[in-house]
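The next block holds one structure in the form of structure tokens; read it before the comments.
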Amino acid sequence: MRKISFKYKGFAGEILNIDLSTENFERIPLEATLIPKYLGGFGINQYLALNYIKPRSDPFDEDNAIILGVGACVGTAAPGSSKIFVTTKSPMFRTVQTAAGSGFGYLLKNAGFDHLIIKGKAKNPIYLKITNSQVEFLDADFLWGKGINETTDILWNVNGREYSVISIGPAGENRVHFAFTLVDKIGTLGKGGLGALMGSRNLKAIAVYGDKGIVPSNSAQFKEITNNILKGIIGYAYRARWTEQGTLYSWGSFPDMITLPIKNWRELYPMGKAAKLYGVKKYKKVKRNPLACPSCPIGCKCTLEIKDGEYEGLITSTSSYATAALVSTRLDLQDHRKGVYCIHLMDDYGMDALAMVGLVDFAVDLYEQGIINDDDTDGEVLQRDLKTFLDLADKIKNRQGFGNVIADGWLGMIERVKRGSQNYAIQIKGGEIIFDPRFVFSAEAFEQIVNPRSGAHVVPALSPTIIPNRPPEKLKKHLARMGVKKEVISQVFEPEFNVARFTRYIEDYYAIMSALGICFRHPIAMHYNIDKLTIIYQALTGLNCTKEDLLLAGERITNLQKMLNVREGFSKKDDKLPERIYSEPLGEKPKIYLMDYYKTKKLSKEDVIQLIEDYYRERGWDPGTGIPTREKLMELGLEECLNFYP
């Protein structure tokens, strides 16, 4: 084990700053003052973005830094602590946003770095190889044009299977705005265009390995608290079911109630049909084995194998079979194996399958409504079927014909098509919504409006409200375990439950969990609370902190994330639902209207604006502008943001 000279234990203590243009790098000491203020990973990423991302720059400018950050607990035995975060200006959303992934981070940290900053552009395709503080810029001409699976396999063969690899596919090379990366062929990272940004810099992949080790400040105390959490997870009554069903867990719980929006969010898939065609029973037919992120005792990812039919013999890994089920439903494929093939292909191309199917659905709707025609689509008749999806996917990854239009994502496609196409789009800040508020106006649905990441999955607000009509006492208990004071909890429920005020505390808690690098999925997150997180952080770092310190840091991180986008010109005007959510009910029998969380009343546009302003007030932001007040910034020690006001 190495001796850590950094003031606080649990950290590698250095930032690796890469300049692709010159093929130079420098090791920058991590400032000790950042630890109590931003905690780690997700939090420190926001601070680095403040200093390394050039304001108002184009996402494809070489000055738009790509910042990777490893959570404070990553590389330790804390259960579910494998999260890595990438912060950059997204070509898809055009916000400074942070996306989460897993894997890679524990080896980056063991190689000696808590954060990786990438700027500049290589003259020719390269990949980065990082080995225990050593950095190499290596030729990647032989990898250019290859899919993610082949690229990763080649790099493992060349360098060794012990390396963790982040790779892009052809979609990233061609700057498709919703191109992402995969970590070790399974973990998605960078929804919103990380793949496109790496491609624009001629950076095909990053391979990392390290074995330096991470030593907590108080190893005995850290082991005791993390072992107790681990015992709780192992003893969790539904652990085996989560391992078996993964992200399809809710489909297994309510199979006859599962229905999903189709036809560009106009209609509903027949109740129970999705579960019958693509649900748990079908999942079991293709599931080969579960896969787990480092330190995860659940294993909700998986390897899939198609054993019969047209795609017999296909073996692929995925972070979520649910994506195959969703793609199958949106396209009405009638065959779960076709959905598996679709996500396998999109992963290999390095394209976000959920964004892809949403954009295809949008394009078909524009075609059906007469907004676009055969002249726009290269003569192709657009339909919601496998052929249209695969044809467009090939054109998009290569930026050919009409595919070149869709490749620019929601905002770019709307700008290029024009003709009122924006009125048909169900998107917020360039991302399609994931949680339709007409189903249930939960914290997840509301948070899509106000967060810089918009509707990108996974939104940082997974809470009990994801299931409708939870008893108020359950929601109050959830707030209490996050450290929210009793008097504040009462305000969230007076005179009635206010989802906007509730969301503020979910987001701040997410910021803490993410700064520590701990997974926010239910079977992991439910076994943590603010008191346990405080003990863990104390034992790991040696920092004498209280739960109030962590809560303040969580609020500070969220506010800094907001101010990074205020600096980009975002404000209240951008925090809004698509107009169709107000004007159109979902489905026919029954018609589902936008209502409050407990379904006691319909909500008008004015009602939602009031909720948005309630959220601002709960945060101490100006309800007229949606921007943190100067007083709030001073209170949080964010004086460096005082000159960001428009």
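Of note:
- Surface per residue (accessible, 1.4 Å probe) for the stretch 279-380, Å²: 35
- Inter-label distance, GLU368 to ASN469: 3.0 nm, where each label sits 7 Å from its Cα along the C-beta direction.
- Here the 3J(HN,Hα) profile of the stretch 432-446, calculated from phi with Karplus coefficients 6.51, -1.76 and 1.60 at θ = phi - 60°, is 5, 5, 9, 10, 6, x, 6, 5, 8, 7, 8, 4, 4, 5, 5 Hz, Gly and Pro shown as x.
- Left without a cysteine partner by the 4.7 Å Cβ rule in the chain: CYS73, CYS300, CYS302, CYS342, CYS519, CYS545, CYS641.
- Counted charge near PHE441, where neighbours are those whose Cβ lies closer than 14 Å (Asp, Glu -1; Lys, Arg +1): 0
- Relative contact order of the stretch 387-499, defined on C-alpha pairs under 8 angstrom at six or more residues apart (%): 14
- Rg/Rh ratio calculated on Cα atoms of the chain (Kirkwood radius): 0.94
- The Kirkwood hydrodynamic radius of the stretch 516-605, based on inverse pair distances between different Cα atoms, is 17.5 Å.
- Of the cross-linked pairs LYS301/LYS395; LYS485/LYS632; LYS395/LYS602, those separated by over 31 Å at the C-alpha level are LYS395/LYS602.
- Listed residue pairs exceeding 24 Å between alpha carbons, taken from LYS54/LYS123; LYS83/LYS284; LYS129/LYS287; LYS119/LYS573; LYS54/LYS429; LYS83/LYS562: LYS83/LYS284; LYS129/LYS287; LYS119/LYS573
- Note on GLU23 and LYS589: with the Förster distance fixed at 60 Å, the Cβ-Cβ geometry gives a FRET efficiency of about 0.45.
- Considering only LEU143, ASN218, PRO125, the residue lying farthest towards the positive end of the dipole of the stretch 90-222 is PRO125, judged by Cα position with unit charges set on Cβ.
- Taking each DSSP H run with n ≥ 4 as -39500 (n - 2.57) and averaging over every residue of the chain yields -11500 deg cm²/dmol at 222 nm.
- For the pair the stretch 31-50 / the stretch 147-226, the C-alpha centres are spaced 21 Å from each other.
- Cα centroid separation, the stretch 538-587 to the stretch 374-397: 37 Å.
- Accessible area expressed per residue, the stretch 519-646, with surrounding protein chains retained (probe 1.4 Å, Å²): 43
- Each residue of the stretch 339-350 was assigned a 3J(HN,Hα) from its phi angle through the Karplus curve 6.51 cos²θ - 1.76 cosθ + 1.60 (θ = phi - 60°); the sequence is x, 4, 4, 4, 6, 4, 5, 5, 4, 5, 5, x Hz, with glycine and proline shown as x.
- Gyration tensor (alpha-carbon) shape descriptor, the stretch 490-646, a/c threshold 1.5: oblate
- Relative contact order of the chain, taken over Cα pairs closer than 8 Å and 6 or more residues apart, is 15 percent.
- Carbon-plus-sulfur accessible fraction, the chain (probe radius 1.4 Å, protein heavy atoms only): 50%.
- Full-stretch length increase - THR600, ARG239 - with 0.36 nm per residue and alpha-carbon distance subtracted: 126.5 nm
- Cα gyration tensor of the stretch 362-430 - equivalent ellipsoid semi-axes, whole Å, descending: 18, 14, 11
- The stretch 99-156 shape via C-alpha gyration tensor axes, a/c threshold 1.5: prolate
- For the stretch 563-624, the fraction of alpha-carbon pairs lying more than 20 Å apart is 39 percent, rounded to a whole number.
- Contour minus Cα-Cα distance for LEU138 and THR546 (0.36 nm per residue): 142.3 nm
- Per residue solvent-accessible surface (Å²) - the stretch 182-265, probe of 1.4 Å: 38
- Taking each residue as 0.36 nm, the span from ARG419 to ASN228 lengthens on full extension beyond its C-alpha to C-alpha distance by 62.9 nm.
- Förster radius 25 Å - calculated FRET efficiency between GLN334 and LYS284, Cβ distance, rounded to 0.05: 0.85
- Spin-label model, GLN491/GLU639: points 7 Å from Cα along the beta carbon direction are separated by 2.6 nm.
- Inter-probe distance in nm under a simple model that places probes 7 Å from Cα toward Cβ, at LYS387 and GLU312: 2.5
- Annotation: amide H-H contacts under 5 Å for ILE434 (H modelled 1.01 Å from N, sequence separation of 5 or more, or interchain): none.
- Alpha carbon Rg of the stretch 12-110, scaled by the compact-globule rule 2.2 N^0.38 Å: 1.09
- Cα gyration tensor, the stretch 540-589 - rounded (a/c under 1.5), prolate or oblate: oblate
- Karplus-derived 3J(HN,Hα), 6.51/-1.76/1.60, for each residue of the stretch 47-52, Hz, glycine and proline x: 5, 5, 4, 4, 9, 10
- Ranked by the mean number of other Cβ atoms within 10 Å per residue, highest first, peptides 127-139, 59-71 order as 59-71, 127-139.
The values are calculated or read from the model by the stated rules, or taken from the named source; none is laboratory data. These numbers come from a predicted model, not from an experiment. Methodologically, a virtual Cβ is constructed for each residue, glycine included, from the backbone with ideal geometry; neighbour enumeration extends over all protein chains shown. Remember, those area values only see protein heavy atoms, side chains included, never the ligands or the DNA or RNA. Shrake-Rupley method; radii C 1.70, N 1.55, O 1.52, S 1.80 Å.
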